[in-house]
Amino acid sequence: MGALHAGHLSLIRRSAEENARTVVSVFVNPLQFDEAADFESYPQDLDEDARLAGEAGADLVFSGRLDQFFEGELDAAGELRAEHLRDPGPDALGLEGDHRAGHFAGVATIVARLYRFVTPTRAYFGAKDYQQSLVVRSCCDGKGRPDVIVCPTLRESSGLAMSSRNQRLKGAEREHALHLVTALRAAHGAWEAGARDTAELEGILAASLAHGVDAGELDVEYAAVRDPEHWSAPRPDGPLTSAVALVAARVGAVRLIDNVRLDQAPFGGGGVR
């Protein structure tokens, strides 16, 4: 959705390395915003995004307006009529799906339309939007297009996951946002020490985040652990053999999300991954 940062550019570079042509879509999609204020404040600079994309290896930047993407499908108020929204499927249930009504329907609808216009053979998404990556993959299941490649989250030197929303963090809010990283690090450490129970791991996440909540530095929306092989809205029962920890919180006016696969590579909370 624009405001390109190093994480986005890493996706472009990987695509340029693996494909003959790379198209970068830049479109702040109104369909996936559940809060008008969030849409209005989202950073937009298409000229700068195009410059950065070109330097990273993009051959084309693809953009447009909602009425161009959905010609004849908008109502009198300029909004997409409900019958044209795509069902995002079961991967949209719970967590982000609960806290952002209509968000994943907007994501699935615009991504499916993008695939129709561009007809890519591969599509690259970042792992930071974990549940979204499941939704966009399900858009392609059984359809033969495109292969969805989910690339690792890039992080600032502090460990904070790179996000366009980080531009809106003010003053000490960037430090407050690190509570999310600390909590994910704690859950990862517990997994490495042998913890496999979902409730125990979620308790560790919540206990770590409580320091920021008690200090008035963040407002937690969820701190959850799910089985990445079998997504479910409710907490999975029994010991896990694979797991992803996911957190969402507001730091001031900025909503941030982050996650880490607990059963994969070490997570120190710093560096580029």
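Values in this text are rule-based calculations from the coordinates and carry no lab data. Note that the structure is predicted; figures quoted are calculated from it, not measured. We place every Cβ from the backbone using ideal geometry, glycine too, and count neighbours over all the protein chains shown.
Here are the numbers for this structure:
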{"quantity": "Rh (Kirkwood; distinct C-alpha pairs) - the chain, Å", "calculated": "19.6"}
{"quantity": "Principal axes of segment 6-151: Cα extent on each, largest first, Å", "calculated": "40, 33, 28"}
{"quantity": "DSSP bridge orientation in the chain - percent antiparallel, rounded to nearest 5", "calculated": "70"}
{"quantity": "Angle in degrees between helix 103-118 and the longest Cα principal axis of the chain, rounded to the nearest 10", "calculated": "40"}
{"quantity": "Segment 33-88: Cα Rg divided by the 2.2 N^0.38 Å rule of thumb", "calculated": "1.47"}
{"quantity": "Angle between the chain longest axis and helix 6-18 axis [Cα atoms, degrees, rounded to 10]", "calculated": "60"}
{"quantity": "Calculated [θ] (222 nm, deg cm²/dmol) that DSSP helices of n ≥ 4 give over the chain, each run adding -39,500 (n - 2.57)", "calculated": "-10500 deg cm²/dmol"}
{"quantity": "Cβ charges +1 (Lys, Arg) and -1 (Asp, Glu), total dipole of the chain, debye", "calculated": "680"}
{"quantity": "Residue order, fewest to most beta carbons within 10 Å, for S10, S15", "calculated": "S10, S15"}
{"quantity": "Cut-off 13 Å between beta-carbons: net charge of the residues surrounding S232, Lys and Arg +1, Asp and Glu -1", "calculated": "-3"}
{"quantity": "Space enclosed by the convex hull of the alpha-carbon atoms of segment 164-261, per residue, Å³", "calculated": "94"}
{"quantity": "Most positive-pole-ward Cα, G212, P30, W191, against dipole of the chain from beta carbon charges", "calculated": "W191"}
{"quantity": "Degrees separating the helix 178-192 axis from the principal Cα axis of the chain, which is the longest one", "calculated": "60"}
{"quantity": "Neighbour-count order for E221, E229, E73, fewest beta carbons within 10 angstrom listed first", "calculated": "E229, E73, E221"}
{"quantity": "Sorted by Cβ density within 10 Å, fewest first, the residues E173, E83, E55", "calculated": "E83, E55, E173"}
